[in-house]
Amino acid sequence: MGSAGSADPPSPPPALSAEEPAEEPAGAPAKLPAYLPDTVQQAVKILVVGDFGVGKTTMIGSVSEIEPLRTEETMTQASVGVDDLAGLDGKRTTTVAMDFGRVTLSPYTALYLFGTPGQRRFWDLWAGLGEGAVGALVLVDTRRIEGSFEVLDQLELRGDLPFAIAVNHFPDSYRHSPQALREALDLEPDTPIVHCDARSRSSSVDALIALVEHALSLQKGPS
Amino acid sequence: MSGDQGAHQDGDPSARQSVQQGAHQGSAPAADHPTAGRTGDYHDSAVRPYVLTRGRARPTRNTIGLDTLLVVADAGKPLPPSASRQARDLLRMCGRLLSLAEAAAHLELPLSVAGILASDLVDSGHLIARSRIPEAGRPDVTTLQEVLNGLRRLS
Ligand SMILES: Nc1nc2c(ncn2[C@@H]2O[C@H](COP(=O)(O)OP(=O)(O)O)[C@@H](O)[C@H]2O)c(=O)[nH]1
Ligand SMILES: [Mg+2]
């Protein structure tokens with residue numbers, strides 16, 4: 001559907017010849033973004049959550065059709081536990097960088113993957129992020145299994161976000177049995193556990209499939 | 001500084017909590033984590049006054065999310081002279097279909113600021129927001145099935 005305005009791509013800023021272009025922040029990308037096909041009508045999102053260093057960025061990069069992007073969200077001082085500051089000038093916030101990627105699944109639907117830190121101090125972020133999401137894929141590094149506890153706590157506290165566990169393997173990981181992991185992570189019997197290699201696209205996609213299948217079965221109701 | 005001061009104490013949802021204590025020092029202060037400094041996943045900073053958004057912290061409509069798809073409504077419709085440079089940049093960025101998150105990332109705007117600007121541009125008829133999954137809702141069975149089929153085609 002060739003819409004009228006789409007013939008000319010976004011043009012450079014109108015000539016403000018008095019101003020120096022050098023004002024642009026150094027390194028600001030001049031190239032055009034990778035736009036979605038005009039046919040896409042809906043976006044869905046999946047959160048990729050887990051401790052630092054567990055492979056979130058790697059997985060997003062493996063699956064994304066665009067160069068993964070970073071964006072920042074700020075959290076209020078309350079969420080970082082600073083309570084002794086009053087005026088706006090004195091407030092501090094925590095800025096969280098989230099990376100995300102995109103894959104167009106059909107002419108109609110695009111999927112976004114948002115990498116979200118799971119620690120308790122970032123929970124405020126989740127309120128908006130989780131809204132309308134398909135679910136969360138929880139990356140777990142079995143060498144630091146405790147690193148996933150706060151993520152799982154948050155998911156249980158929310159209670160409304162379907163999730164699946166993807167165990168990301170590192171060279172020195174010990175291979176736990178699914179049952180041992182289920183017990184260590186205190187998971188419900190129906191929470192999927194899959195193994196993955198976040199560096200592999202097909203392995204990462206398989207983990208996402210496990211999550212979506214789970215979300216679908218929850219949505220369809222108990223059978 | 002220390003991540004410990006940030007630990008929110010509201011609600012201990014599960015038995016995991018007790019186990020977690022032992023690992024707490026390893027996981028909470030991100031600065032101690034080997035990858036935290038390198039990846040720079042977060043940093044603390046003074047609040048920048050929200051001049052751009054005229055002091056508002058939230059969009060006027062809460063239907064704009066980071067996965068909301070935006071596209072220019074009417075390429076010819078001019079912005080009022082009072083419009084900020086950031087609003088102009090956002091409108092230009094959305095000359096074709098793009099999510100709010102992508103537009104914000106390319107423009108290096110914080111998501112919350114980009115959301116408020118986008119919301120205003122939708123209200124003023126400059127941008128169109130394509131449907132997103134309803135607030136507090138989950139994607140319906142049809143949508144989930146379509147996502148599943150799409151992922152299976154990739155694998
Ligand atoms: N062997 C192995 N290394 C991985 C895997 N996933 C990530 N890594 C590495 O682990 C490190 C941290 O990954 P990253 O994606 O940045 O973690 P994040 O902090 O969760 O975003 C990087 O050096 C990755 O190359 C994996 O599946 N296998
Ligand atoms: Mg990362």
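What follows draws every value from the coordinates through simple rules; no lab data is involved. Note that the structure is predicted; figures quoted are calculated from it, not measured. For neighbour counting, all protein chains shown are included, and Cβ atoms are generated from backbone atoms with ideal geometry for every residue, glycine included.
Worth a mention:
- Dipole moment magnitude, nearest 20 debye, segment A:34-220 about Cα centre, only Lys, Arg, Asp, Glu C-beta charged: 360 debye
- Modelled FRET efficiency - R0 22 Å, B:Glu108 with B:Ser82, Cβ distances, 0.05 increments: 0.45
- Sorted by Cβ neighbour density within 10 Å, fewest at the top, the residues B:Met93, A:Met59: B:Met93, A:Met59
- Listed from fewest to most Cβ neighbours within 10 Å, the set A:Ile60, A:Ile193 follows the order A:Ile193, A:Ile60.
- For A:Val194, nonlocal amide neighbours, meaning residues 5 or more places apart or on other chains whose placed amide H falls under 5 Å from its own, are A:Ile165, A:Ala166, A:Val167.
- 3J(HN,Hα) couplings calculated from phi for segment A:135-140 with the Karplus curve 6.51 cos²θ - 1.76 cosθ + 1.60 (θ = phi - 60°) are, in sequence order, x, 10, 9, 9, 7, 10 Hz; Gly and Pro show x.
- Percent of beta bridges antiparallel (DSSP, segment A:34-220, rounded to nearest 5): 35 percent
- Rounded to the nearest 20 debye, dipole of segment B:69-130 from Cβ charges on Lys, Arg, Asp, Glu: 160 debye
- Qualifying GluC sites (Glu not before Pro) in segment A:100-162, DSSP loop, other Cβ atoms within 10 Å at most 14: none
- With the simple spin-label model, which puts each label point 7 Å out from Cα in the Cβ direction, the A:Ser200 to A:Ala127 separation comes to 4.1 nm.
- Residue by residue, segment B:82-92 carries 3J(HN,Hα) couplings of 6, 4, 6, 4, 5, 5, 5, 4, 5, 4, 5 Hz when phi is fed to the Karplus relation 6.51 cos²θ - 1.76 cosθ + 1.60 (θ = phi - 60°); x denotes Gly or Pro.
- Electrostatic bookkeeping for A:Ser202 treats Lys and Arg as +1 and Asp and Glu as -1; over the other residues with beta carbon under 14 Å from its beta carbon, the sum is +2.
- Put a dot 7 Å past the Cα of A:Ser173, heading toward its Cβ, do the same for B:Arg152, and the two dots end up 2.6 nm apart.
- Residues whose amide H lies under 5 Å from that of A:Ile66, counting only those 5 or more places away or on a different chain, are A:Arg102; hydrogens are built 1.01 Å from N in the peptide plane.
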